[in-house]
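Trainee: Attaching a single structure in structure tokens format; questions to follow.
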Amino acid sequence: MVENEKVKLKKGARLKVDVNYLHPTQFTVGMLQVNKKKRKIDNCDKKKLAKWLRSKTVPVVIGPSGTLFMIDRHHAVRALSESKYSFKKIHIKIKKDLSHLPKDEFWNKMVKKRWTWLFKNGEPLDADNLPAHISELKDDPFRSLAANVRGKKGFKKSGPFSEFIWADFLRKRIAAVQLNGFQEGGDMHKQILDLAIKLCLSSEASGLPGWKGKTPLLQKIASRLSSEDPLSRQTEHSHAEELSPPSHL
């Protein structure tokens, strides 16, 4: 399973493991982000790939029966698993050994520590429904949109799974059909991204982690994006109730 079988799996241990042994703690990824990382991996020579992999150490919690649960880096692991390289081992670091806990207590602890995101497209699901393999994670285009907004300084990363919270905020304010244009790129990609940035900088998002709308400069950016924005006018009367982070986060 691991590169050095003599390494004891305990808190703080660092080792390399085949991605097939890592179990997800979320239901979805943003495939735009996965494909971007995959292109980067495919364009790396082996030396650059080794350096990239060292920078993407995956934090892992040991669960019941010794199962290795990744609590971050799902996009990087998915990208590596789909890359041109047959080498599929990645660096991990043991965050915590909870293998002694019964299943229900284990997942309660995972939720309390914010080490899992038990929602799919905004809907809560049970941990029993989590995919067993990284390849089974479904695409959530709103997760990709949220990542793009953060990349444009629309909000800052603040705590575990914060981009999923922002994705659910945008999900209630932008029609899913509009995301087709975003996924395909071009002019529609920019229009939707501008609209999403404006929404994330607005007062509607003030309760979300990493909100940056109170900065005067960013308020000015939001105002500019909203002026003469056809997508904004199209959706301004269809906003749903503001999404707040789940109570356990």
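Trainee: Considering each residue of the range 87-112, count those that are part of a loop (DSSP other than H, G, I, E, B) and either touching a residue at least 60 places away in the same chain (Cβ under 8 Å) or under 23 Å from N129 (Cβ atoms) (or both), and give that number.
Mentor: Going through the range 87-112, the residues part of a loop (DSSP other than H, G, I, E, B) turn out to be 87-88, 98-102.
Cutting the leftovers down to either touching a residue at least 60 places away in the same chain (Cβ under 8 Å) or under 23 Å from N129 (Cβ atoms) (or both) gives us 88, 98-99, 101-102.
Going through the range 87-112 one residue at a time, the tally reaches 5.
Trainee: Return a yes/no flag: does the range 161-168 have any residue that is more than 17 Å from F119 (Cα to Cα) and among the hydrophobic types (A, V, I, L, M, F, W, C).
Mentor: no
Trainee: While we're here: Kindly evaluate I192 against the criterion of being surrounded by 17 or more Cβ atoms within 10 Å (Cβ to Cβ) and at pLDDT below 95.
Mentor: Yes; evaluated as a whole, the condition is true for this residue.
Trainee: Going by the structure shown, is K120 within 21 Å of W166 (Cβ to Cβ), loosely packed, with under 13 Cβ neighbours inside 10 Å and either at pLDDT 95 or above or not hydrophobic (A, V, I, L, M, F, W, C) (or both)?
Mentor: no
Trainee: For R173, are the conditions met, namely being out of contact with any strand residue (DSSP E or B) (no Cβ under 8 Å at 6 or more places or on another chain), crowded, with 16+ Cβ neighbours inside 10 Å and assigned to a loop (DSSP other than H, G, I, E, B)?
Mentor: Taking the combined requirement at face value, the residue satisfies it.
Trainee: Name every residue in the range 56-87 that is in contact with a His (Cβ under 9 Å, 6 or more places away or on another chain) and of a type outside the set (A, V, I, L, M), in order of residue number.
Mentor: K56, T57, G63, P64, T67, F69, S81, listed by residue number.
Trainee: Only residues in the range 163-178 that are under 15 Å from Q26 (Cα atoms) count as the first member; pair them with residues that are of a type in the set (G, A, S) and in a helix (DSSP H, G or I), Cβ under 6 angstrom, at least 6 apart or cross-chain, and list the lot.
Mentor: That search, which allows pairs on different chains as well, returns E163/A146; E163/A147; A167/A146.
Trainee: When you look at D45, is it within 24 Å of D126 (Cα to Cα) and either outside the structural domain of I134 (by TED's automatic domain parsing) or without any contact (Cβ under 8 Å) to a residue 24 or more places away in the chain (or both), yes or no?
Mentor: Against the criterion (within 24 Å of D126 (Cα to Cα) and either outside the structural domain of I134 (by TED's automatic domain parsing) or without any contact (Cβ under 8 Å) to a residue 24 or more places away in the chain (or both)), D45 does not qualify.
Trainee: Something else now. So if I check each of K36, K46, K88, K16, which one is within 21 Å of S162 (Cα to Cα), of a type in the set (K, R) and at pLDDT below 95?
Mentor: After applying the criteria, what remains is K36.
Trainee: Right, next: List the helices (runs of 4 or more DSSP H) that sit entirely inside the range 1-86 and contain at least 2 residues that are surrounded by fewer than 20 Cβ atoms within 10 Å (Cβ to Cβ).
Mentor: 31-42, 46-54
Trainee: Which of the numbered conditions does L137 fail, given that it passes all the others? Conditions: (1) in contact with a Gly (Cβ under 6 Å, 6 or more places away or on another chain); (2) within 24 Å of A176 (Cα to Cα).
Mentor: (1)
Trainee: Being assigned by TED's automatic domain parsing to the domain that holds H189, touching a residue at least 40 places away in the same chain (Cβ under 8 Å), crowded, with 18+ Cβ neighbours inside 10 Å and not aromatic (F, W, Y): is that true of A147 here?
Mentor: yes
Trainee: Quick one: G159 ticks every box in (1) in a helix (DSSP H, G or I); (2) closer than 24 Å to D97 by Cα; (3) at pLDDT below 95 bar one, so which box is it?
Mentor: (1)
Trainee: Taking the criterion of being over 21 Å from T116 (Cα atoms), modelled with pLDDT of 90 or more and outside any helix (DSSP H, G or I), would at least one residue in the range 137-151 satisfy it?
Mentor: Taking every residue of the range 137-151 in turn, none turns out to be over 21 Å from T116 (Cα atoms), modelled with pLDDT of 90 or more and outside any helix (DSSP H, G or I).
Trainee: Can you find a residue in the range 113-126 that is at negative phi and part of a helix (DSSP H, G or I)?
Mentor: The answer is no; no qualifying residue exists.
Trainee: If Y21 passes every condition in (1) free of Cβ contacts under 8 Å to residues at least 24 places away in the same chain; (2) under 26 Å from S144 (Cα atoms); (3) hydroxyl-bearing (S, T, Y) but one, which one does it miss?
Mentor: Condition not satisfied by Y21: (1).
The values are calculated or read from the model by the stated rules, or taken from the named source; none is laboratory data. Just so we're clear, the structure is a prediction, and the values are computed from it rather than from any experiment. Neighbour counts run over all protein chains shown; Cβ positions are idealised from the backbone, glycine included.
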